[in-house]
Amino acid sequence: MAETEFLMSDLIGIGIAICITFGPLAFSAIYGTIYQKGKRNKLLEREKQIGGSFKDPITNLSKPIGNKNILNSSLIWESVVIGPSWWQMLLGWIGSLFGGRLNAFTDIYDWARREALQRLREKVISSNFDDVINLRIETSMMSSTNKSKDKTAAMEIVAYGTAVKYE
Amino acid sequence: MTQGQVQLVVSNTETIPGMTIVQSLGLATGSTVRAKHIGKDILAGFKNIIGGELKAYTELLTEARNEALNRMLADAAARGANAVVNVRFATSSVASGASELFAYGTAVVVQ
């Protein structure tokens, strides 16, 4: 009897240890995937409303297309900070052992850039301008140095350009 | 965009559309170094488990970039400019958790 109780408590201990070690990672893998998918679907819907396939107000040309007279202009910018989940970081680390394509990172950074651009489109519309010219996208890493204990890995993307209003 | 009493036209194109540049007054710069807030850092660390946008950092950097931009505008206004053209942003991480935001452009007089 005493022996089986000892075994039981041992098993519970091992179970707790497994939960603490792999719990956050499992949570990251399951909930993170669902969460990111939801956010990405929302972005797709927003892209359908403004920009997207038909009329995109953003160009990176230094002058607007056609001979349009510009009434006024202003600098406009939007930024977003997006980081991969722990699960994606693990996948990326495993992938980097073999080299080649890192789909986990490709997806999240592509999403981040589109999110920044979409915010810029929405800001252009809400601040009553017609177009954005001379768009620039700047990327910077917010991740910590190797020695630091801080595990946060994030990328900041700022999209900026000149918003113009036509006559 | 306004700074104090002076109304400055800011653009990241080489000219202000619809206006002509009459005088160049040199480079106007503005920078700020911001560190992450420890409370926000912990929250962002938790958010990092599931990935996605770290709103605390987005807000922090937005605020910091606004400050850098305002300093650049103050610099341009002090030179007597009424516009800043060819504005560029640059970001660099100074130390772990701190980033420097830098905005620069050419201060000009336009008509």
- prompt: Of the cross-linked pairs A:39/B:55; A:39/B:47; A:68/A:123; A:123/A:165; A:48/A:165; A:37/B:36, which ones have a Cα-Cα span greater than 18 Å in the structure shown?
  reply: A:68/A:123; A:48/A:165; A:37/B:36
task: Can you tell me the alpha carbon radius of gyration of the protein assembly as shown divided by the globular rule-of-thumb value 2.2 N^0.38 Å?
output: 1.26
In degrees, nearest ten, helix B:55-78 long axis to first principal axis of chain B (Cα): 20
- request: Determine, from the Cβ-Cβ distance of residue A:61 and residue A:31 and an R0 of 45 Å, the FRET efficiency 1/(1 + (r/R0)^6), rounded to the nearest 0.05.
  value: 0.60
- line: Taking R0 as 35 Å and r as the Cβ-Cβ distance between residue A:101 and residue A:17, the FRET efficiency 1/(1 + (r/R0)^6), rounded to the nearest 0.05, comes to 0.50
Choice from A:75, A:117, A:135 with maximal GNM fluctuation in chain A (Cα, 10 Å cutoff): A:75
field: Shielding score for A:80-89, defined as the mean number of other chain Cβ atoms within 10 Å
entry: 6
query: Given R₀ = 22 Å, FRET efficiency for residue A:48-residue A:126 by Cβ-Cβ distance, to 0.05?
result: 0.80
statement: Which of B:50, B:21, B:42 fluctuates most in a GNM of chain B (C-alpha springs under 10 Å)? That residue is B:50
message: For a distance above 25 Å, tell me the whole-number percent of Cα pairs in segment A:1-104 that qualify.
response: 58
query: Across peptide B:24-36, how many C-beta atoms of other chains are within 10 Å of each residue C-beta, on average?
result: 0
- prompt: Taking chain B as a Gaussian network, Cα atoms linked when under 10 Å apart, which of B:45, B:80, B:30 shows the biggest mean-square fluctuation?
  reply: B:45
query: Considering only DSSP states other than H, G, I, E and B, which trypsin sites (Lys or Arg not before Pro) in segment A:12-96 qualify as loop sites with at most 12 other Cβ atoms within 10 Å?
result: A:55
field: Separation in nanometres of the label points that stand 7 Å from Cα toward Cβ, at residue B:98 and residue B:79
entry: 2.8
query: What average number of partner chain Cβ atoms lie no more than 10 Å from the Cβ of the residues making up B:53-61?
result: 6
query: How far is helix B:38-50 tilted off the main Cα axis of chain B, in degrees rounded to 10, range 0 to 90?
result: 70
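Computed from the coordinates by the stated procedures, all read-outs in this text should not be read as laboratory data. A quick note: this is a predicted structure, and the numbers were derived from the prediction, not measured. In this analysis, Cβ positions are derived from the backbone assuming ideal geometry, glycine residues included, and neighbour counts consider all displayed protein chains.
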